[in-house]
Each structure stands twice: as structure tokens, then as C-alpha cells.
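Okay, structure first, notes after.
The values are calculated or read from the model by the stated rules, or taken from the named source; none is laboratory data. Here the structure is a predicted model, which is why all the values come from computation and not from measurement. Backbone-built Cβ (ideal geometry, glycine too); neighbour counts: all protein chains shown. Remember, those area values only see protein heavy atoms, side chains included, never the ligands or the DNA or RNA. Shrake-Rupley method; radii C 1.70, N 1.55, O 1.52, S 1.80 Å.
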Amino acid sequence: MTPILIKTIQFFLSLSLLIVLHELGHFIPAKIFKTRVEKFYLFFDVKFSLFKKKIGETVYGIGWLPLGGYVKISGMIDESMDTEQMKEEPKPWEFRSKPAWQRLIIMLGGVTVNFVLAVVIFIGLVFAYGEQYIAADSLKDGIWVTDKALGDELGIQTGDKILTIDGKKVEALSEIIPGFALGNQYTMERNGEVIEKEVPVDVIETLSQEEDRDKIRSLITYRVPFVVSQVPDNSINKSSGLESGDFVVEMNGQPVEYKDQIVPILEKNKGKTILAVVDRGGERIDLKVKVADEGTLGVYVGMTPEEYKEAGYVEWKTLRYNFLESIPAGWNRGVRTLSDYIKGMKKIFNPDTGAYKEVGGFAAIGGMFPDTWNWPAFWATTAFISIILAFMNILPIPALDGGHVMFLLYEMVTGRKPSDKFLEYAQMVGFFLLIGLLLFANGNDLYKWLFK
């Protein structure tokens, strides 16, 4: 299967699961409080359904428009805008006849399920796979910024040690890029001096201008000692004397230790033969090496994680959890994910950040899935999307669960219920707001596809 097809299958599988469970979050409390549910649908059935079957008093079905799903509860003004039954006298089984606290629980059921589902998935992931990361404080000589121009725009360079972001210690190397995107200030160590700096306000826009997503993900990584791990048979330097295990300590007369120091030297000497000094078991050996036209030596470089740790360069840490330990770990990951998403939303509403340009629709969501079938990545992405759905649905916008919750809280505090006509108009306004947001988000996707 092609990568696009794999992403598409994962997208629809994840979306279907999340929609069904979200609507189940409304359906179950509605049934508990003896409220009639007329429809339970995956996707919207505008004009017709792909499948439907009535069981008891509820029609279960699959619509053709994959923009979400819904449960139609009797006596409630919802997406269907069915106001005819609202003109009749309230029936005991209708939503409007139930106490406000019961209606509130029914409306909160969907977002509650979404958040709980994300936590359950995170619990399963940390229990099954643990958590592996590169300890930021283990980096011997700081980070490697693989794109100097982009690093300069962010105010960082190779050799820096990022210590904290917004006052919180950076534990993992992988926290730095997301931390910059969501944070406001950071401290770093450069040449032995601790420096406090502001995160550029337009950092999200700066990163988004890079078309290669993998390049952004690898922008900040660990520094790689130039230790030859293999000299292939077809290497340009097969007969130069380079051997596996050689540590290059000097290149073209310049002392070196890391790959990031050697790459610029090779770039300047493409197609030439230059002098290299290697450390081989404590003995320094002079070698003449050839630089390919591409600016490479034609060898593999690197060490095993154990060798990196033993040499004091960097350490991979793995945290393992038993089942009881995985519960708070999964909960903390869920809360942290929600908190980070809220920070990201705040950036979107600040025009100076340019983050609004990164608002995406279905293509952006689908692009979050890996292009190969990877169950841990699939479930982690599904959990993240579940967090997004929980947050977006609780926003106090009419037509969303949060809009209904807002009006219910008003009723519970004031003792006055908004009129059905007001709720009808509010639902229409909310519906048009959502359509506008949908068009904007998917329009952004289309623009990026056409012009980037």
C-alpha cells in the first residue's frame, strides 16, 4: 500500500473510533436517565444513509459525510434543527423534561469519554512500551543544530545546552522543539555562560516555512562523534586505510571531534584528497582520504547507545512501569498533552505568532499519522486527536457540547431556562461559525498543497 493510503486508512479508523465513543458518551447517560435517543450515527446522513437499522427506539446508522457523528436526543435542539417536536408539549422521555443536572451530565459525556479514552491509551502505551528518551542533561557538548540558518532565527546554535523552557527543566531532547513552539522564554548554557532568552514570538511561523517536516523534527539532535562504524566495499575510501572503530580527531589540519565539525570541511573540499588523523586504539594515524563530489567520505558513522553512554557523550533512558505505575504516568501524560494543546491554542489567537496560518483541517490531521503501519504511533496519534476533540467540543460555542453546557450552567445559576427560540437561533449562529472554521482550516490545507 502507498503511504497516502496507509495514512488515510489510519485516519478513518481513528476518526470512526473516536466519534463512536464520543457519541456513546452522550448515549449511555441519556439511557440511564430514561431519555429517548432517536438516532445514533457515525458520520452525517444528509439526505441518505449508507447503512441504518432500527433497534428498539433508536436508529443506528452510518452517514456518507465524514464530518463527525451525532446522537439525536428527543426534545433537544441540536444539529438536525428539528424544531417541530419542540412545538408540542414536553414528554417525560424528552431531554427538555429532565432536571438540569441530568442534562448537564448527558452533554458532558462526550468530552469526558474523549479525555478518559486518551488517558487509557496513554496508560496502555507506557505499560506496554515504557518511555524512552535522550536525557537532555547527558549531552556532553550540547546540541547539534542541523540547520544553521533556522537555528539563528531561533537564537540557538550547535554546542548550546538548553536548560529550561518557561522555568521548567528540559528532561528530554525531544522536548526542545515543542517547548520552543509553545513556550515564551528559555535558559541555555553557551560556552560555560548561562543565558536567559525570549523565544521568538513568530517561532511557529518560522518553523512552518520549512516544507520538510522531517527536517524540523531533526533540527535539534545530539552531536555525533565521527567514529567510523563501517567502510562499505563500494566506498570511495575503501583503500584509504580507514577502518571500523577509527575516531577522526583531525581533518585537513583542523582539530575535530563531531560530525557537525567535519561536514563543513568536507563541503569545502568536494572532489579533493585531504589529510585526516584518526585515533585507533590510542594510536594516532595519518591517512589521506578522498572526499566525494557530494561532500562525503563514503563511510558509516556512529556508535551504539551503550557506546555513547560509556564514552560519556549521551544517554538513552528507558522508564518501565508496572500496571499500577502506568496509571498515574498515563494520567500525567494526558494532562500534559491537554495543557500543551491549550498553550498552542493561545498562540493561534495571537496574530503576532503567525500560528493561525498552521490551523489545519482533515489533511493536516491525516498527516499526523505515520506513513507505515505502526501501532504505537497510531494509538499515540489517536490519543492526541481524542484530546483535541475533547477540548474543541467543550468550547462555549453554540452547536458544540460546550455551548449546551454554557446554557445549562446559566439555567442552573439563574434558575431561568433560555427560550427554545433563543436556543434555535444560537444553534444556527454556532453552526455557521463552525462551517466558517471548517472552511478556514481546510482552506489552509488546500493552500499549502497548491502553493508550498
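Going by what's in this entry, would Thr158 be described as of a type in the set (S, T, N, Q) and over 13 Å from Ala136 (Cβ atoms)? Answer is yes for this residue. Looking across region 1-51, the residues that are among the aromatic types (Phe, Trp, Tyr) and over 18 Å from Ala377 (Cα atoms) come down to Phe27, Phe33, Phe40, Tyr41, Phe43, Phe44, Phe48, Phe51.
Somewhere in region 432-449, is a residue among the polar types (S, T, N, Q), open to solvent by less than 90 Å² (accessible area, probe 1.4 Å) and in contact with a Lys or Arg (Cβ under 8 Å, 6 or more places away or on another chain)? Scanning region 432-449 turns up at least one residue that is among the polar types (S, T, N, Q), open to solvent by less than 90 Å² (accessible area, probe 1.4 Å) and in contact with a Lys or Arg (Cβ under 8 Å, 6 or more places away or on another chain).
For region 317-330, indicate whether the set of residues that are touching a residue at least 24 places away in the same chain (Cβ under 8 Å), under 30 Å from Phe432 (Cβ atoms) and either crowded, with 16+ Cβ neighbours inside 10 Å or among the hydrophobic types (A, V, I, L, M, F, W, C) (or both) is non-empty. Taking every residue of region 317-330 in turn, none turns out to be touching a residue at least 24 places away in the same chain (Cβ under 8 Å), under 30 Å from Phe432 (Cβ atoms) and either crowded, with 16+ Cβ neighbours inside 10 Å or among the hydrophobic types (A, V, I, L, M, F, W, C) (or both). Can you find a residue that is of a type in the set (Gly, Ala, Ser) and open to solvent by 50 Å² or more (accessible area, probe 1.4 Å) anywhere in region 272-286? Yes, because at least one residue in region 272-286 is of a type in the set (Gly, Ala, Ser) and open to solvent by 50 Å² or more (accessible area, probe 1.4 Å). Against the criterion of being buried (at least 18 other Cβ atoms within 10 Å of the Cβ), touching a residue at least 24 places away in the same chain (Cβ under 8 Å), in contact with a strand residue (DSSP E or B) (Cβ under 7 Å, 6 or more places away or on another chain) and over 30 Å from Ile123 (Cα atoms), Arg223 qualifies. Answer yes if at least one residue in region 29-49 is over 30 Å from Gln102 (Cα atoms) and either of a type in the set (A, V, I, L, M, F, W, C) or open to solvent by 80 Å² or more (accessible area, probe 1.4 Å) (or both), and no otherwise. Yes: region 29-49 contains one or more residues that are over 30 Å from Gln102 (Cα atoms) and either of a type in the set (A, V, I, L, M, F, W, C) or open to solvent by 80 Å² or more (accessible area, probe 1.4 Å) (or both). Any residue that is under 15 Å from the mean Cα position of the chain (by Cα) and modelled with pLDDT of 90 or more - is there at least one of those in region 394-411? Taking every residue of region 394-411 in turn, none turns out to be under 15 Å from the mean Cα position of the chain (by Cα) and modelled with pLDDT of 90 or more.
Taking the criterion of being more than 20 Å from Pro396 (Cα to Cα) and under 20 Å from the mean Cα position of the chain (by Cα), the residues of region 434-448 that qualify are Asn442, Asn444, Asp445, Lys448. Just so you know, in region 236-263 the residues that are touching a helix residue (DSSP H, G or I) at 6+ places or on another chain (Cβ under 6 Å) and in a loop (DSSP other than H, G, I, E, B) include one that is most open to solvent (accessible area, probe 1.4 Å), and it is Asn252.
Exactly one residue out of Leu266, Leu297 is assigned to a loop (DSSP other than H, G, I, E, B), open to solvent by less than 80 Å² (accessible area, probe 1.4 Å) and farther than 30 Å from Asn393 by Cα: that is Leu297.
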